[in-house]
Amino acid sequence: MAELEEHYADLKKTVAQFADTVVAPVSAELDREHRFPYEIVARMGEMGLFGLPFDEEFGGQGGDYFALAVALEELGRVDQSVAITLEAGVSLGAMPIYRFGTPGQKERWLPDLVAGRKIAAFGLTEPDAGSQASQTRTTARLDNGEWVINGAKQFITNSGTDITSLVIVTAVTGTRDDGSKEISAIIVPSGTPGFTVEPAYDKVGWRASDTHPLTFTDCRVPEENLLGDRGRGYANFLSILDEGRIAISALATGAAQGCVDESVRYARERRTFGKPIGAHQAVGFRIARMAARAYAARCAYYAVARLMLAGKPFKKEAAIAKLLSSEAAMDNARDATQVHGGYGFMNEYAVARHYRDSKVLEIGEGTSEVQLMLIARELGLTDE
């Protein structure tokens, strides 16, 4: 199950080398300074990583989502902030335009996004709304051929960098016949009057990743900035999230594997009672269990990615993979910190960053509770 075809294996090797030689040496500094990795993003763009799942007509690599996932695993192994920058830029920023955009929208926005010269963000979550569409408060009304947007979004990745070109926002654009909210997606270019990127969050983890709250005050954009059909914004985004869970699962698998790698290295070097600590059964068994978690997570995301590429239903499997891999990352980070002892509590060590970073994997792009709800629903156990 965990074997790769040659072209995926070659990509994995290339990205692993890049992660080890370019990303890892500066990870601690970027994290400490809460600094967005512009230079690394540019290098990833030159390597074609932002274009992996996109057609060549837009400057992409003509690959697929599995290729993106393989790359994300290797980046997540050494630096989750860098990995989430790529994941969100592709899955949440460029992919909605690729899937649902008009020819004109694709021609205008995709070439720069696919090349990594620019990045985009998706604004769904609000102060009082996340997984529940009915709680969406941001509104957009038509006025003389323009959408007038008012509201707020929070926890929006890639929304405030110097290379952010746009944010796609979900907004209530009307009321359906049954009284429910009509929610649409609208493209808002960076710098649009009335669109304010608020100061960045001071986060526990993913500190080199860009995350901001956003405010919209009588923000006007052309009517043609509607992305996809009117009223399909939330439904379209849910389909994007199904795919995104594969990517997040790959990132989480990389984090879990990174904790294994660091623990094996440390357990071979650190000696107590005349022998490496890895030779003590308690430590050896702990790391063995970590390796088992990483392997299971990898098998899970490989399997669901292949279902997706085969055109088969994968909603339940994506939720399972996301749940399994995020828990593996968090459990492995905790165990790796224990293996390292006092050193594991020092931010200069990679396992300390994984410990801080991994928790959000159980929250972002659908909490663990949401994954359980989706799995139960697909099993026919709930009508919610």
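The values are calculated or read from the model by the stated rules, or taken from the named source; none is laboratory data. If you're wondering where the values come from, they're calculated on a predicted model, not measured in any experiment. Don't worry about glycine lacking a Cβ; one is built from the backbone with ideal geometry, like all the others, and counts go over all protein chains shown.
Values computed for the structure shown
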| quantity | calculated |
| --- | --- |
| Residues being within 18 Å of the chain's Cα centre (by Cα), assigned to a helix (DSSP H, G or I) and not aliphatic (A, V, I, L, M) - total across the range 28-56 | 5 |
| Qualifying residue in the range 40-58 (condition: under 18 Å from ARG306 (Cβ atoms) and either of a type in the set (A, V, I, L, M, F, W, C) or touching a residue at least 24 places away in the same chain (Cβ under 8 Å) (or both)) | yes |
| Yes/no for GLY93 being in contact (Cβ under 8 Å) with a residue 40 or more places away in the chain, assigned to a loop (DSSP other than H, G, I, E, B) and not charged (D, E, K, R) | no |
| Among the candidates ILE168, ILE187, ILE240, ILE183, residue that is closer than 30 Å to GLY311 by Cα, outside any loop (DSSP other than H, G, I, E, B) and not assigned by TED's automatic domain parsing to the domain that holds PHE155 | ILE240 |
| Failed criterion for VAL82 (all others in (1) surrounded by fewer than 24 Cβ atoms within 10 Å (Cβ to Cβ); (2) under 14 Å from the mean Cα position of the chain (by Cα); (3) at pLDDT 95 or above hold) | (1) |
